[in-house]
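Coordinate-derived values only; no laboratory data. Since the model is a prediction, treat every value here as computed from it, not as a measurement. No Cβ is skipped: glycine too gets one built from the backbone with ideal geometry, and neighbour counts run over all protein chains shown.
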Amino acid sequence: MKIGFFVTCLVDTLRPEIAIASIKLLEDANCDVHVPSQQTCCAQIAFNNGDLETSKSIARNVINVFEPFDYLVAPSGSCLSMIKVHYPELFKDEAKMLERANNLSEKSYEILTFLNDILDIKIKKRFPATVTYHDSCSGLRELGIKSQPRKLLSQIKDLKITEMHEPEVCCGFGGTFCVKYPEISTNIVTEKSNDIKNTGADILVGGDLGCLLNISGRCSRMNIPIKCFHTVELLAGIDDCLPIGKTK
Amino acid sequence: MPNTNTEFKYKAREALKDEQLQQALVGVKQGLVNNRLDAIKVVPEFESFRNDAAAVKQHVLENLDLYLEEFEENAISSGAIVHWAKTAEDARQIILDICKQNNAKNIIKGKSMVSEEIRLNEALKNNGLDVVETDLGEYIVQLADEPPSHIIMPCIHKTLSQITQLFRKNHTDIHKADKNYSVADIVNEAREVMRRKFLSADIGIIGANFLIAETGSIVLVTNEGNGDLCSCLPKTQIITTSIEKVLPTLDDASLLLKVLARSATGQQITSYNTLLTGPKQDNDKDGPEEMHIVLVDNGRSKMLKTELREMLRCIRCGACLNHCPVYGSVGGHAYNSVYPGPMGSILSPAIEGLEKYYDLPNACTLNGRCESVCPVKIPLTKILRHLRNEQFKKRLNNKSTRFSLKLWSFFATRPKLYHRFNSLFINALNIYINILNRCSAIPVFSSWLKSRDFAPSQQKTFQQIWQSRKEND
Amino acid sequence: MTDLMYLNSKQRTDILGDIKLTLDDLGLRKERKKNNLIDKNTASKDINIEKFKKCIIDASATISIVNSPDNISLEVKTFLHDKNISSPIAIIDPQLFDEIDGHGLNITNEYDRNDITVSMTKAWMAIEETGSLIMKSCPRNPTSLNFLPDYHIVILDRNSIVHNMNQVWKELRESKKSLPRTINIITGPSRTADIEHTIQLGAHGPRSLHVIVI
Ligand code: SF4
């Protein structure tokens, strides 16, 4: 099957490893993965800031670029819900575009959902560690991603999953929210970091780079010794890459 | 018109530094959230109750005029007097006139968010009337001369010792200055003070949770019983309520009650649910001789025209506040509006203008936890985004936001340039961080770096890496 | 006054007219859909008194069950004794008054609203699902007696317990009389959690509620 991989802007610039790991997992499952160079981002920033015209022109581009593929797969719940849930909303008054947006919506998947629900991949790895999973908001509430990452992770041998007190509470990232209201965002991510610390886990995993940058950045500042990874990085084997937010 | 309103940001900052407030908010974030969970755990059908409740409220909105007319007709035939108020000002005038006609001096009030919305207390006070809030929480914030900070728990931001001080100052006749007051002592003292007020009041003003079209009755939901005393003791009763509160039948009220208490306080049902129909009847030993119902519009019929329509389903349970990380961080007062939290971030700009409340729709991470608990399934994040769109169209957001958005969309709509820019950007960023360690000089990063560390993981973008892989193949 | 009436009818027309226009213009009017599962299969089942009891207790009230009206006074005596109360019991309902009278209890049907410690009233119905008592106001049953006293004793006929609130409404509709001024649905004593989330009973209404089921 032909897959158009939607990199997402954050992964493209700040954490290419997530794309590399995703593509490895997809190719291991015999997918034919393409990364169209005509893609930019999903338009979330414009959409959440009320700029619908810009959102539409970006959405049109995404639809044009990814229509030819059997599936669109992206390593982020929030970008994917932009494409899957909000593109059809954007074009609700343009019949033709709406149909195309709906078609793309139907074949668009977040990576973990795709690996688990569509490909049903088997992970044959061993990784002795205790991890805790942060449910990023868009993925959880707009796409219903909850069990998939946990099922995939639990296939890794010797990996223990321990839950936070409140894994479903927002980390305070919220896209531009974290720079528009930095103090509030800091307060929220501080609580999240403490919740993570109290699990005693060595590793935090999640499905959205925005949240992971936010949490890893805060934990590092608070001297909480936790390593942050995107779930696919763990699934694909992380031996050779540094945790998110760490430099050599 | 450029927005200059920075009040929310300022108050939010102050709130974050207020240790007592932060302590109190833990009770919201954990206490109330857990109460709700415990209450719905034992009701497997809760989800379908939510669906039904949302459908009933939506149906009412779609036939609002008809149900209001039916309600009015039945209320009048039960002997009540129905008033219509287009604006807050109109509502205040109507109520002041009723007070005047009755030569009233002393007024007792049950909790009513509509009366807060129309700033009734201030108007009554300015006209020489003595008004006492009888809901304990409302009474406490009245003594402190503060607005409520939560729609169902008005004094959630106050600690016991702060409340004791307030009582000491105000109840000089009965307060024992040397005593260490417990919660029970405070409640008892308030009870004693309030009893005298109840029995000597001329008018009782209460709110209503629902209006029943079928019977012309109002439904009142409380735990303390103060609303019931307000409505059976004074000679005249005024009900301040708003037009969207009408429900078709009593059965619909049972359904809404099933979701209201569980979402609000986590009770299966509150202590008192009261159905009031008309004034006292022949030979009744108590009850008011006159029952006035003031139906307030104050922007609601206008909301019905817009994408904000679904917000009119709100039953004021407060669950969205309790589950909101922003409310949980800054509390209610930072919003500087009668209605705080997610529901307030929509209602306040809707009623009083997007300009005045610029920050409220923006101060939200769009995490959606509020709508996942809303008993009438209001799509809160969708409506908040809609408000942001309205603000954008009216050019209300500040220049630098608009400029950055423009700049970004210039690149985002030009793929080739976009990728070039990204590669340059990531290169430059690495140089800044690794060599100059100066990334706090870049605007976006400086507010990030105040509380968080940051490091990109590579010198290259993924698109660059992928390109070279394809060339090698 | 005429000004006010004029103003009122103008505002009424404005508001309703505005809503009508909106609903018609935007084509929003829709038929009502039936609710999914409101209290389907309960009506025929027997009342589970144990469940009712549990709900009453969960709501911080107390309950006792007696076999005949003759046993009420004894039950009340024990209750008052336990609470160490000697004040007279305010009872207005003449039938209830007669039933209690002459059993050595201190009762009165004339009381001062400023000073009323115990009251005793009759419930019209009750709801099994939530342990709620339904009190209907009438000359024999003034609402204030449910709220003014510190201790409230309620007499309930076992046969008047129904499963859910909708059955109460059904009964109301079928009784064909006009609605009473007040229907109180009472579940436990008065309470508040306004201060530091601490639940405190007896905010304004009764501090304690005792139900006697016959
Ligand atoms: S918006 Fe929903 S959750 Fe919030 S107060 Fe209204 S009904 Fe409750």
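Brief remarks follow.
- Spin-label model, A:Lys160 to A:Asn103: label points 7 Å out along the Cα-to-beta-carbon direction sit 5.1 nm apart.
- Shown here for the stretch A:129-184: GluC sites (Glu not before Pro) in loop regions (DSSP other than H, G, I, E, B) with at most 14 other Cβ atoms within 10 Å, namely A:Glu163.
- Given 10 as the ceiling on other Cβ atoms within 10 Å, longest exposed-site-free region of chain C for GluC sites (Glu not before Pro) in DSSP loops: C:111-214
- The distance separating the Cα centre of the stretch A:43-89 from that of the stretch C:172-214 comes to 53 Å.
- From the largest down, the stretch A:2-116 spans 41, 27, 24 angstrom on the principal axes of its Cα atoms.
- Dividing the summed helix terms, -39500 (n - 2.57) for each DSSP H run of n ≥ 4, by the number of residues in chain B produces a 222 nm estimate of -15000 deg cm²/dmol to the nearest 500.
- Pairwise label distance in nanometres, A:Thr130 with C:Lys54, each label 7 Å out on the Cα-Cβ vector: 3.7 nm
- Antiparallel content of DSSP bridges confined to chain B, in %, to 5: 25 percent
- Residue-averaged [θ]222 nm for chain A, counting only DSSP H segments that reach four residues, each worth -39500 (n - 2.57): -12500 deg cm²/dmol
- Counting DSSP beta bridges with both ends in the stretch B:43-298, the antiparallel % (nearest 5): 25 percent
- Of every Cα-Cα pair in chain B, the percent that sits beyond 43 Å: 24 percent
- Taken along the Cα-to-beta-carbon direction at a fixed 7 Å, the label points for C:Asn109 and B:Leu37 span 5.4 nm.
- Whole-angstrom gap from the stretch A:23-39 to the stretch B:297-370, using each part's C-alpha centre: 43 Å
- Choice from C:Ser144, C:Ser132, C:Ser190 showing the highest fluctuation, given a GNM over chain C with Cα pairs closer than 10 Å: C:Ser144
- Table column - 3J(HN,Hα) (Hz), the stretch C:89-104, Karplus curve with 6.51, -1.76, 1.60, x for Gly and Pro: 8, 7, 9, 9, 3, x, 5, 4, 4, 5, 4, 7, 4, x, 10, x
- Exceedance of the 28 Å cut-off in Cα-Cα distance is limited, within the set A:Lys107/A:Lys180; B:Lys109/B:Lys285; B:Lys356/B:Lys406; B:Lys125/B:Lys305, to A:Lys107/A:Lys180; B:Lys125/B:Lys305.
- For chain A, the relative contact order works out to 19 percent when only alpha carbon pairs closer than 8 Å and six or more residues apart are counted.
- The protein assembly as shown - Rg over Rh from alpha carbon coordinates, Kirkwood radius: 1.02
- In order along the stretch B:69-75, phi translates into HN-Hα couplings of 5, 5, 4, 4, 4, 6, 5 Hz, rounded to whole numbers, per the Karplus curve 6.51 cos²θ - 1.76 cosθ + 1.60 with θ = phi - 60° and x for Gly and Pro.
- HN-Hα J in Hz across the stretch C:134-143 - Karplus 6.51, -1.76, 1.60, θ = phi - 60°, x for Gly and Pro: 10, 10, 10, 7, 6, x, 7, 9, x, 4
- In units of the rule-of-thumb radius 2.2 N^0.38 Å, the stretch C:42-213 shows an alpha carbon radius of gyration of 1.02.
- Those residues of the stretch B:49-83 whose amide nitrogen sits under 16 Å from the label point placed on C:Arg32, 7 Å along Cα→Cβ: B:52-74
- Proxy reagent accessibility, fewest Cβ within 10 Å first, across A:Ser78, B:Ser337, B:Ser404: B:Ser404, B:Ser337, A:Ser78
- Shape of chain A, Cα gyration tensor, a/c cut at 1.5: oblate
- Antiparallel content of DSSP bridges confined to the protein assembly as shown, in %, to 5: 25 percent
- Residue exposure sequence - B:Thr274, A:Thr54 - by fewest surrounding Cβ within 10 Å: A:Thr54, B:Thr274
- Only Cα pairs under 8 Å and 6+ residues apart enter the sum, and on that basis the relative contact order of the stretch B:296-399 stands at 29 percent.
- 13 Å beta-carbon shell around B:Gly225, net charge (K/R +1, D/E -1): +1
- Pairs of C-alpha atoms in the stretch A:158-248 farther apart than 20 Å represent 31 percent of all such pairs.
- FRET efficiency, 1/(1 + (r/R0)^6) with R0 45 Å, evaluated for B:Leu407 and B:Glu14 via beta carbons: 0.85
- Helix-only mean residue ellipticity at 222 nm for chain C, each DSSP H run of n ≥ 4 adding -39500 (n - 2.57), per residue, nearest 500: -9500 deg cm²/dmol
- Proximal aspartates and glutamates relative to B:Lys158, as straight alpha-carbon distance under 12 Å, when same-chain residues fewer than 8 apart are discounted: B:Asp18, B:Glu19, B:Glu138, B:Glu146, C:Asp194, C:Glu196
- Neighbour counts of other Cβ atoms within 10 Å put B:Arg300, C:Arg207 in the fewest-to-most order C:Arg207, B:Arg300.
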